[in-house]
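Here's the structure, in structure tokens; my notes come after.
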Amino acid sequence: TFAFRGPFEMAKITATVDELSAGRIEVGLGAGWHAPEHLPLGLPFGALGERFERLEEQLTVLPRLWIGEEVSHSGRHYRLDGAVSLPRPVQYPGPPIIVGGKGRPRGLRLAVEHAAEYDLDTVGPDVCADVGRRLDAACAAAGRPRGSIVLSVMTPPADGSGPLRRQLEAYAAAGIERIVLDLGTAPIGADVDGLAASLRASIGWSGASAVSR
């Protein structure tokens with residue numbers, strides 16, 4: 001989340017990783033939800049409204065830094081005075097931004113204004129369908145084509161190829177365009193890519209990827 005890095009540090013890190021990955025980085029940002037990820041490190045974890053304020057400032061400033069603009073910003077949480085972040089990322093005008101959230105109105109608005117993707121975490125197809133309808137409405141209100149923003153979900157995979165196929169089909173029917181299968185605490189060195197390929201082959205569905213936390 002924004003709490004781990006300020007916008008200038010985030011701009012420098014993401015530009016470096018974009019260069020190292022030949023322009024493949026995607027940048028996920030959210031308001032944060034898990035206090036134990038923050039408080040032991042002495043990082044701020046304010047009320048939800050404050051966290052959304054920080055997220056909105058990050059989303060406003062970061063794309064300007066990516067294009068090499070001289071950025072001056074005087075917000076409640078971040079201040080920049082003529083900051084320039086060079087070198088720029090490989091991707092122009094910047095890496096795709098993924099906003100994560102729970103479907104709250106403010107998060108949807110920020111996603112429509114700034115993001116290439118809106119990601120839900122561990123919610124069922126019914127919730128995804130409801131959020132999808134509200135994302136449709138938010139896009140319409142902002143005059144943004146709905147097809148220009150992806151609706152995705154991260155979820156643990158069902159056990160077995162049959163249940164997994166039904167799980168993915170249910171999400172697809174709910175309007176989900178990208179599904180990330182969360183393998184939880186898979187051990188370091190686990191062949192996550194191989195597992196994802198095996199899942200794709202076993203269910204005949206190409207839209208699944210797998211990640212390990």
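The values are calculated or read from the model by the stated rules, or taken from the named source; none is laboratory data. As the structure is a computational prediction, the values presented were derived from the model and not from experiment. FYI the Cβ positions are ideal-geometry reconstructions off the backbone, even for glycines, and counts take in every protein chain you see. With ligands, DNA and RNA removed, areas are computed over all heavy atoms of the protein, side chains included. Shrake-Rupley method; radii C 1.70, N 1.55, O 1.52, S 1.80 Å.
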Check your understanding: Just for region 154-173: of the residues that are under 24 Å from Arg134 (Cα atoms) and open to solvent by less than 20 Å² (accessible area, probe 1.4 Å), which one is modelled with the highest pLDDT?
Key -> Tyr171
Check your understanding: Among the residues of region 124-143, is there at least one that is at positive phi, small (Gly, Ala, Ser) and not in a strand (DSSP E or B)?
Key -> yes
Review point. Is it the case that some residue within region 145-152 is free of Cβ contacts under 8 Å to residues at least 60 places away in the same chain, within 24 Å of Pro63 (Cβ to Cβ) and more than 18 Å from the chain's Cα centre (by Cα)?
Key: yes
**Study point:** Tabulated pairs, region 127-139, first over 13 Å from Ile176 (Cα atoms), second open to solvent by less than 60 Å² (accessible area, probe 1.4 Å), C-beta under 7 angstrom, 6+ apart or interchain
**Key:** Arg134/Gly103; Arg134/Leu108; Ala138/Leu108; Ala138/Val112; Cys139/Val112; Cys139/Ile149
Practice item. Select from region 89-107 the residues that are modelled with pLDDT of 95 or more and either among the acidic types (Asp, Glu) or closer than 13 Å to Leu151 by Cα (or both) and list them in ascending order. Key: Ile97, Ile98, Val99
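Answer yes or no: is there a residue in region 182-195 that is modelled with pLDDT of 70 or more and of a type in the set (A, V, I, L, M).
Looking for residues that are modelled with pLDDT of 70 or more and of a type in the set (A, V, I, L, M), one finds at least one in region 182-195, hence yes.
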Exercise for review: Quick one: in region 63-85, of everything that is touching a helix residue (DSSP H, G or I) at 6+ places or on another chain (Cβ under 8 Å) and either open to solvent by 70 Å² or more (accessible area, probe 1.4 Å) or under 30 Å from Ala129 (Cα atoms) (or both), which residue is modelled with the lowest pLDDT?
Suggested key: Arg76
Exercise for review: Scan region 7-59 for residues that are over 20 Å from Tyr92 (Cα atoms), open to solvent by 20 Å² or more (accessible area, probe 1.4 Å) and touching a strand residue (DSSP E or B) at 6+ places or on another chain (Cβ under 8 Å) and jot them down.
Suggested key: Glu57
